[in-house]
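Participant: Once you've had a glance at the structure underneath, I'll fire off some questions.
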Amino acid sequence: MGFIHTTLPLGFFLITVLVVIIEMIVSLIWWNKWMVHFPEDDIEWDEKDPFIMQVE
Amino acid sequence: MNWFVTIGGIAYNIIIILAVYAWIASRRRHLKEGEEDFILSGRSMPWFAVAATQALTALGGGHINGLSAQSWGTGMATIWYCIGHGIMFMIIMRFAGVWYRRVGAITLNEMFGKMFHPILVPILGAIGATNSWAFITIETQGMATVISGMTGLSNLQGAIIGAAIGILYVFLAGIKEIGYVNLINAMLMYLFGFIALIYVNFTTPAGWAGITATLNDQYYVLLNYLGNGEIIRTYVIGTMLVCAFGMNMSQGNIQSCAAVDSVKVLKKACVAAIPMNVLFGVIILSLGLASLALPDTAVGGNGAAGVVMLTFLYLPSWLQICVIGVFLAAMLSTFAMMTLAFATCVVRDILSPFKKFRNLTPKQQTFWIRFFILFSAISGGLAAVTIQAQVNFGATWSMAWLVPMFWVFVIGMQWKRSGIAAILTLILCWILHVILTFTNLAAVFHLEGNNYSIFMSAASLILMLVFSSLDKNAKEGYRKTYMRQRAAYDARRGGINVAQ
């Protein structure tokens with residue numbers, strides 16, 4: 001494989017698609033497995049009484 | 001010279017901008033939306049507009065002129081700049097941006113101020129504004145180069161035209177305008193980009209097979225996806241690190257996350273932004289490498305000029321207009337978002353302590369944001385034609401200044417928050433960066449070239465961990481603080497009411 005010699009543009013495109021798919025999968029794994037979720041993540045922004053962190 | 005194509009490319013962008021504005025204005029009249037819209041779109045940006053904004057803000061002159069020029073030096077391996085952006089989107093839309101939205105922050109400087117110490121707000125605001133301004137200048141240069149190169153107008157005249165359209169992109173309706181124009185431009189970029197690649201196969205003497213054969217004969221390493229050892233050491237690693245860990249701390253890249261109505265919007269946005277940004281690198285790098293292989297475009301002297309020559313020599317007129325329109329759109333989108341980011345940092349982070357700028361009404365805020373959009377566009381445009389080389393060096397150099405902010409943020413979020421540790425870490429890393437710039441220290445570690453980001457990552461991680469552990473007054477990780485304050489807020493409101 002060496003430094004992965006390929007053709008232009010098709011080989012270049014296919015390898016990049018593969019890399020992009022890997023990134024997309026990692027991002028979904030990140031979302032589902034590593035990220036902390038809170039119930040309020042599904043709540044829409046409340047213009048009248050928004051939650052804004054205060055300085056402590 | 002080609003006035004027809006230039007005017008066509010400019011008209012392409014103006015038509016899209018005005019059409020989107022007309023739609024937004026009509027919706028606003030119908031829905032009676034308020035002035036807050038300008039910087040946060042009423043916190044109602046849909047996932048596809050966020051994805052397009054993320055993808056296209058990060059895709060500007062650096063991609064159009066920078067990647068095509070870089071392709072002659074590092075070939076296909078230049079794509080790792082784009083792949084690094086994919087990692088950046090993950091960090092923004094799976095981590096940092098999620099937290100900005102959760103805590104209700106509008107700027108990341110405000111976030112750092114709340115997490116660590118208020119003094120960081122104007123300091124990081126100044127860095128953010130400067131970083132944004134540098135990119136405004138770079139994008140204006142790119143537009144000036146394209147417009148003046150095709151019309152014979154002076155660089156200054158090209159910059160004025162480009163900046164004027166860029167101002168239109170954001171001035172009319174702020175981030176909402178940016179979001180929807182970006183969405184349309186993202187679709188058209190790929191449509192015309194792929195059509196251009198197909199045309200090149202049939203209009204060049206030997207098609208892509210001939211181009212690949214020429215590159216194999218004369219520039220073998222440029223067709224290696226990983227380049228070679230030298231390219232990996234001096235380009236790939238440093239570029240990936242700065243894109244992944246530095247660019248996620250740029251206000252222009254996170255502002256759209258603060259504009260979503262809930263965190264779940266970012267889930268879809270991230271998955272869409274990655275291919276939307278990264279795959280465009282294939283298009284522009286393929287065109288750049290083709291311009292190197294073809295004798296009549298190689299005379300351009302560099303990949304950026306070569307791609308423009310290739311567009312005019314091998315594509316039909318209608319496609320030339322579309323491709324030049326796409327190139328300008330990519331630069332305009334970054335220009336627009338960076339002027340908005342600059343203005344947001346200045347108004348909310350630097351000037352807000354002053355009486356005149358405290359507690360601004362939405363209308364007043366919009367006025368001052370627009371004022372500083374104009375200020376940054378005009379000053380950036382002038383710098384684009386007068387101190388071009390200095391700004392280009394400064395912009396690339398300053399990207400590594402953002403890297404320590406990322407690691408400080410991670411540690412403060414996940415482990416401990418220490419204001420003094422954050423301030424000391426950032427200052428010492430920035431001093432190290434200056435030392436690296438003016439000495440041969442990087443060469444001692446065989447890391448000369450584009451590798452200051454490696455030093456910044458290592459130094460900030462180590463220093464922040466050490467200083468945080470030494471600070472007896474360090475507070476709990478910000479995640480815990482969030483959970484506590486959120487629980488109190490929900491209790492006050494009588495529990496959580498999740499939208500169905």
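The values are calculated or read from the model by the stated rules, or taken from the named source; none is laboratory data. All values reported here derive from a predicted model rather than from experimental measurement. Using ideal geometry, Cβ is built from the backbone for each residue, glycine included, and neighbour counts are taken over all protein chains shown. When the accessible area is computed, the model is the full protein with side chains, heavy atoms only, and any ligands, DNA or RNA have been set aside. Shrake-Rupley method; radii C 1.70, N 1.55, O 1.52, S 1.80 Å.
Participant: Per-residue HN-Hα couplings for region B:84-95, Karplus 6.51 cos²θ - 1.76 cosθ + 1.60 at θ = phi - 60°, whole Hz, x for Gly and Pro?
Facilitator: x, 5, x, 5, 4, 4, 4, 5, 5, 8, 10, 9
Participant: Now for a separate question. Put a dot 7 Å past each Cα toward the Cβ at B:Phe4 and B:Val299; how far apart are the dots in nm?
Facilitator: 2.2 nm
Participant: With θ set to phi - 60°, apply the Karplus curve 6.51 cos²θ - 1.76 cosθ + 1.60 along region B:376-383 and write out the HN-Hα couplings as whole Hz, x wherever there is a Gly or Pro.
Facilitator: Residue by residue, region B:376-383 yields 5, 5, 5, 5, x, x, 5, 5 Hz.
Participant: Sticking with this structure for a sec: Can you give me the Cα centroid spacing of region B:119-179 and region B:29-88 in angstrom?
Facilitator: Answer, in whole Å: 14.
Participant: How long are the three semi-axes of the equivalent ellipsoid for chain A, computed from the Cα gyration tensor as the root of 5 times each eigenvalue, in whole Å, largest first?
Facilitator: Largest first, chain A gives 43, 13, 11 Å.
Participant: Provide the FRET efficiency to the nearest 0.05 for the A:Asp49-A:Leu28 pair, computing r from the beta carbons and using R0 = 25 Å.
Facilitator: 0.15
Participant: Next question, about the same structure. How large is the accessible surface of B:Trp430 in square angstrom, using a 1.4 angstrom probe and rounding to the nearest 10?
Facilitator: Accessible area, nearest 10 Å²: 20 Å².
Participant: Under a crude label model (7 Å from the Cα following the beta-carbon direction), how far is B:Leu18 from B:Tyr219 in nanometres?
Facilitator: Placing both labels 7 Å along Cα→Cβ, they lie 4.0 nm apart.
Participant: Same structure again: By accessible area of protein heavy atoms, probe 1.4 Å, what ranking do B:Ser469, B:Ser379, B:Ser286 get, highest first?
Facilitator: Highest to lowest solvent-accessible surface, that is B:Ser469, B:Ser379, B:Ser286.
Participant: Based on alpha-carbon centroids, what's the gap between region B:395-451 and chain A in Å, whole number please?
Facilitator: A separation of 25 Å, based on Cα centres.
Participant: Tell me which aspartates and glutamates have Cα within less than 20 Å of B:Lys356's Cα, excluding those fewer than 8 residues away on the same chain?
Facilitator: Filter leaves B:Glu35, B:Glu36, B:Glu110.
Participant: What is the magnitude of the charge dipole of chain B about its Cα centre, with +1 placed on the Cβ of each Lys and Arg, -1 on the Cβ of each Asp and Glu, and no other charges, expressed in debye to the nearest 20?
Facilitator: The dipole magnitude comes to about 2300 debye.
Participant: Return the Rg/Rh ratio of the protein assembly as shown with Cα-based radii and a Kirkwood Rh.
Facilitator: My calculation puts Rg/Rh at 0.96.
Participant: Could you tell me the convex hull volume per residue, in Å³, taken over the Cα atoms of region B:35-179?
Facilitator: Looking at region B:35-179, the number lands at 144 Å³ per residue.
Participant: For region B:119-205, which whole percent of the accessible surface, found with a 1.4 angstrom probe, sits on carbon and sulfur atoms?
Facilitator: On the way: 2190 of 2740 Å².
That fraction is 80 percent.
Participant: Assuming 0.36 nm per residue, please report the length gained on full extension of the stretch B:Phe367 to B:Met187 beyond their Cα-Cα distance.
Facilitator: Result for the pair: 61.6 nm of gain on full extension.
Participant: For B:Lys475, which aspartates and glutamates qualify as cross-link partners when the Cα separation must be under 17 Å and same-chain residues fewer than eight apart are set aside?
Facilitator: Counting by Cα, and skipping residues close in sequence, B:Lys475 has these aspartates and glutamates nearby: A:Glu56.
Participant: So what's the projected area for region B:303-393, the Cα convex hull averaged over all directions, in nm²?
Facilitator: It is 8.3 nm².
Participant: To the nearest 20 debye, what is the magnitude of the charge dipole of the protein assembly as shown about its Cα centre, counting +1 on the Cβ of each Lys and Arg and -1 on the Cβ of each Asp and Glu?
Facilitator: 1500 debye
Participant: If you don't mind, there's one more thing I want to ask. Can you tell me the alpha carbon radius of gyration of region B:341-416 divided by the globular rule-of-thumb value 2.2 N^0.38 Å?
Facilitator: In units of the globular-protein estimate, region B:341-416 measures up at 1.44.
Participant: Now a separate question. Ranked from highest to lowest mean number of other Cβ atoms within 10 Å per residue, what is the order of the peptides A:47-53, B:312-318, B:336-342, B:171-177?
Facilitator: B:336-342, B:171-177, B:312-318, A:47-53
Participant: So, by mean Cβ neighbours within 10 angstrom, what's the order for B:62-73, B:180-191 with the highest one leading? Intermediate results must be reported in sequence, preceding the final value.
Facilitator: Numbers: B:62-73: 23.8, B:180-191: 21.9.
Highest to lowest by the protection proxy: B:62-73, B:180-191.
Participant: With each pseudo-label sitting 7 Å past Cα toward Cβ, what's the B:Asn201-B:Asn228 distance in nm, one decimal?
Facilitator: Each label point is offset 7 Å from its Cα along the Cβ direction, giving 3.0 nm.
Participant: Would you work out the charge dipole size for region B:307-432 about its Cα centre, treating the Cβ of every Lys and Arg as +1 and the Cβ of every Asp and Glu as -1, and quote it to the nearest 20 debye?
Facilitator: Using Cβ point charges on Lys, Arg, Asp and Glu, region B:307-432 gives about 620 debye.
Participant: So for chain B, what percent of the C-alpha to C-alpha distances run longer than 44 Å?
Facilitator: 13 percent
Participant: Follow-up question, since we're still on this one. Using helices alone, what [θ] at 222 nm do you get for chain B, with -39,500 (n - 2.57) per DSSP H run of 4 or more residues, divided over all residues and rounded to the nearest 500?
Facilitator: Numbers: 24 runs with 363 residues, N = 500.
Calculated mean residue ellipticity at 222 nm is -24000 deg cm²/dmol.
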